[in-house]
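First comes the structure, then the notes that go with it.
The values are calculated or read from the model by the stated rules, or taken from the named source; none is laboratory data. This one's a predicted model, so the numbers in the text were calculated from it and none came from an experiment. Using ideal geometry, Cβ is built from the backbone for each residue, glycine included, and neighbour counts are taken over all protein chains shown. Side chains are part of the model used for accessible areas, which takes the heavy atoms of the whole protein and leaves out ligands, DNA and RNA. Shrake-Rupley method; radii C 1.70, N 1.55, O 1.52, S 1.80 Å.
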Amino acid sequence: MHSLPTEYLLAKSPKPDRKPITLEQHLHDAGQCAYHIFRLDHRWGRNWCRFFGLTDKIAQETFLLNLRIAALFHDVGKANADFYTAVTAPVFTAQTLRHEHLSALVLCLPEVRSWLFQTKHKQPSNLDVDVITAAVLSHHLKASKKETSIHGKNYRWCQPDSVANNPSVRLYFDHPEVRRILVKIAGLADLDTPPYLPEMPWAQNSLWDKARRDGINYADDLEDDLEDEPDRRRLLVAVKAGLIVADAAASGLVREDHNITDWIGAVVYSEAIAPSEISEKILQRRIEQIETRTKATFKFHAFQEQAAQQGSKALLLVACGGGKTLAAWKWAEQQSREHEIGKVIFLYPTRGTATEGFKDYVGWAPEADAELVTGTAKYELEAMAENPSESTDQKVYRSEATERLYALGFWSKRFFSATVDQFLGFMEHSYQSLCLLPVLADSAVIIDEVHSFDQSMFDTLINFLQTFHIPVLCMTATLPKSRRKQLVDLGLKVFPTQADRESEALSDLKVKEQTNRYRLKPVANFEEALGKAVAAYREGLRVLWVVNIVDRCLAIAHKLEQKFQELNVDADVLTYHSRFRLCDRQTVHTRTVNAFSFSEEKAPKAAIAVTTQVCEMSLDLDADVLITEIAPVSALVQRFGRANRHLKRAFAWLHPYMPPGSRPYQQEDLIQAGEFLDSFNTELINQRQLATALEEFSRSERRAGDFSPFLNSGYFAIPGAFRDIEEYAVPCILDSDFDTVRPLIEARKPYDGYQLNTPHKWVKDWLADEGNIRPNWLPKYLSVVSGHPERYRKDRGFINKSAEEVNLG
């Protein structure tokens, strides 16, 4: 029999003055969370099943039963001497094996599988043992079939930790707590008396090693079966995700002293969202702001009203500045009439655009209902508190209690502005995204700027749309023909069509899109562009210059400063790109938006800014003159959309020119974009002409692949990358910020404001400098670069090269 220092097993490290959380209690709590969160007689459970395509009653009941059994089984592997020592020792103690790897081994024992396969009446049970095993093994997203290193850790199933270096692990599977859990499982699934588990310690070349080999065979068989069994795949992923959610809830709610049933009753069983809520909390407040700004009575455009009637899967294609966002909220309002949902989620491609979306729309809702979800949201919300917008004034977001619940703290919210990876990252096994999956399943979701998704993101979007079932509106101003076709093939209804645009009902949209908005005048090179920029600024115009890489952005800003100094012109040359500390990026973002904002009340002042692609998406910039390096066609059209946005002048000048190099694009994309520009036989052009030419000149892309780690990993799960990874840029802090950042880290306070992404070359150069040593208090994911004034300026960001080293053409 077991010999423990106490009569109970532990699930967590004991805390002073708190009752220990036993293994049996935690497994019971996880089972309770699984049942109460996903009950089939409540909205969350029904929407979860709809989301995963579990449409009939039998499939839904099978899901809930298998999830509850997985929840009761998931941490059984904690019944071992290594784990007990790790949670009771005063110092860190490495464990030989991960506990969920041991839990899955138990499920691969022949006597356990036989027990789970049939009821006590010798009938086949409703349990899918492989689905349960897969959920248990992968619930921490640290299980792989092969040698896989993540942050220096190998997560191959039952690969011993080299740090622990123990030849064996003593197991406590004969403990009464484990036995009682098995008996509980038997009662819940109507099974026979559970078998007694082996007392033999885990060791390589033992019966446990055989169980793992058998498990690999079971995993291979499951992978083969899933190819031909879509219903089983749906069950598998629903249970795997559900277990992560139930375990997170059981741990978080107990840690924060919440009563599980009371908390779930208050949050999960909340009322469905009503159309009047969206109207009163979001739309009307935004309309009042517009009316105050424009001094005119607001009226929805016909296309905005009609967008609401396009069904639960739609693709909205309307020009930049055309009013897509208001149309999207009208669509969401209609979805709340047609579907029983509790959330509206607006997804953006970048943190900056998500933050702007929060300020413009979501922030109007009461703070108890509104949430910003990005990688740096806490910092952004704190900045809003210091300098609030109209929508966020006198509101306090995220209480300390909510923060301690992590993703669970968002479950009670009703309106979200977020980056797309925060919610769709579950497709790449993002833990936070998986914990937010019940929120997504209970929502209508709007996905903005789908043209801007890199290939990895677009692949994920296609896999998401073809697999999961919720109301979805995708939207953008420009979309290559190949991407449009893929979305239409998945059942998204395009609006407006060409016929819609020609109809009398949408005459207001037709007028807006066919009003001459730009005067296109390409320039030969950088020097000619420089002359245009200087002359326009001196005429009192607002000049936006967009380039393709950061080095040229900085060099051009430097050249402009020099030129204005020579001319004795007082000019503040703004610079906006991705290599700023977050605190500085917020400042330059705000200054840029303000400099190019539209106002009915006062005439615009002269302004000039040099930016990279960060200005392309969802920013309400209104330039008089747009100078841009030639980029892929869809990007060019987006950039043009930052000029004459409100149609308050006869036209805006567009001055494109070919850059000296193709990076970060392909040369053929730039050649095609040149042909696109050459196709216009008149200087005056409108948005409809741009959209028509885009159809002809956008390059065809390959069709999205059908592989997603979440959908295809079977028994296993390790985190992947949602976006195409830029290997040359890494998260860093400046060495000049050490004295500021260290106290924040040690006090466990946010230090996001001091992070920036810089080329890896400068990390290596900093380390190569004599006397530079990376501090041991710095988190492993952060690197260090120089904060010397020649290398970093608050108004310019990180300077990779001097202006003289950069080829401007």
**OP:** Tell me what the chain gives for mean residue ellipticity at 222 nm when only DSSP H runs of n ≥ 4 count, each as -39,500 (n - 2.57), the sum divided by the residue total, rounded to 500 deg cm²/dmol.
**Re:** -13000 deg cm²/dmol
Original post:
Any idea which of Thr392, Ala332, Ala555 is furthest toward the positive side of the dipole for the chain, if Lys and Arg beta-carbons carry +1 and Asp and Glu beta-carbons -1?
Top reply: Thr392
Original post:
Can you give the relative contact order of the chain as a percent, counting alpha carbon pairs under 8 Å and 6+ residues apart?
Top reply: 13
Subject >> C-alpha center-to-center spacing [region 512-552, region 302-335] in angstrom >> reply: 31
Subject >> Sites matching trypsin sites (Lys or Arg not before Pro) across region 107-194 that sit in DSSP coil, with at most 11 neighbouring C-beta atoms within 10 Å >> reply: Lys122, Lys146
Original post:
Once Rh is set to the Kirkwood radius over Cα pairs, what Stokes-Einstein translational diffusion coefficient, in µm²/s, holds for region 665-809 at a temperature of 25 °C and a viscosity of 0.890 mPa s?
Top reply: 121
Original post:
Between Gly242, Ala319, Tyr348, whose Cα lies farthest towards the positive end of the dipole of region 242-398 when Lys and Arg beta carbons carry +1 and Asp and Glu beta carbons carry -1, centred on the Cα centre?
Top reply: Ala319
Original post:
Where a ≥ b ≥ c are the square roots of the eigenvalues of the C-alpha gyration tensor, would you call region 443-493 rounded, which needs a/c under 1.5, or, failing that, prolate if a/b is larger than b/c, or oblate?
Top reply: rounded
Subject >> Charge dipole (region 41-136, unit charges on Cβ, about Cα centre) - positive-most of Val136, Gly53, His101 >> reply: Gly53
Original post:
Taking the alpha-carbon centroid of each part, what is the distance from region 1-64 to region 366-380 in angstrom?
Top reply: 28
Original post:
Under unit Cβ charges (Lys, Arg +1; Asp, Glu -1), what dipole magnitude, rounded to 20 debye, does the chain have relative to its Cα centre?
Top reply: 560
Original post:
Of the beta bridges DSSP finds with both residues in the chain, what % are antiparallel, to the nearest 5?
Top reply: 25
Original post:
Cα extents of region 496-616 along the three principal axes, largest first, in whole Å?
Top reply: 54, 33, 33
**OP:** Compute the Cα gyration tensor for region 594-635, then decide on rounded, prolate or oblate, letting a ≥ b ≥ c be the square roots of its eigenvalues: rounded whenever a/c is under 1.5, prolate when a/b is larger than b/c in the other cases, and oblate in all that remain.
**Re:** prolate
Subject >> Cα-based Rg / Dmax (Å) for region 389-521 >> reply: 18.9, 57
Original post:
Relative to the Cα centre, what is the charge dipole magnitude of region 141-272, using +1 at the beta carbon of each Lys and Arg, -1 at the beta carbon of each Asp and Glu, and rounding to the nearest 20 debye?
Top reply: 560
Original post:
Based on the mean of other beta carbon atoms within 10 Å per residue, what is the order of 322-330, 97-105, 556-564, most packed first?
Top reply: 97-105, 322-330, 556-564
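Using a probe radius of 1.4 Å on heavy atoms only, what accessible surface per residue do you get for the chain? Whole Å² is fine.
41
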**OP:** Return an integer: the convex hull volume of the alpha-carbon atoms of the chain, in Å³ per residue.
**Re:** 173
**OP:** State the Cα centre-to-centre distance between region 653-702 and region 416-460 in whole Å.
**Re:** 30
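Using a 10 Å cut-off on Cβ atoms, rank the peptides 270-280, 229-239 from the highest mean neighbour count down.
229-239, 270-280
Report Rg/Rh for region 670-755, rounded to two decimals, where Rg is the Cα radius of gyration and Rh the Kirkwood radius.
A ratio of 1.24.
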Original post:
With the Cα gyration tensor of region 107-254 giving a ≥ b ≥ c as the square roots of its eigenvalues, does the rule (a/c under 1.5 for rounded; else a/b larger than b/c for prolate; else oblate) give rounded, prolate or oblate?
Top reply: rounded
Subject >> Cα-centre dipole for region 299-400 with unit charges at Cβ (Lys and Arg positive, Asp and Glu negative), debye to 20 >> reply: 420
**OP:** For a quick protection proxy, order the peptides 56-65, 352-361, 78-87 by their average other-Cβ count within 10 Å, most packed first.
**Re:** 352-361, 78-87, 56-65
Subject >> Per principal axis, descending, Cα span of region 254-299 in whole Å >> reply: 53, 21, 7
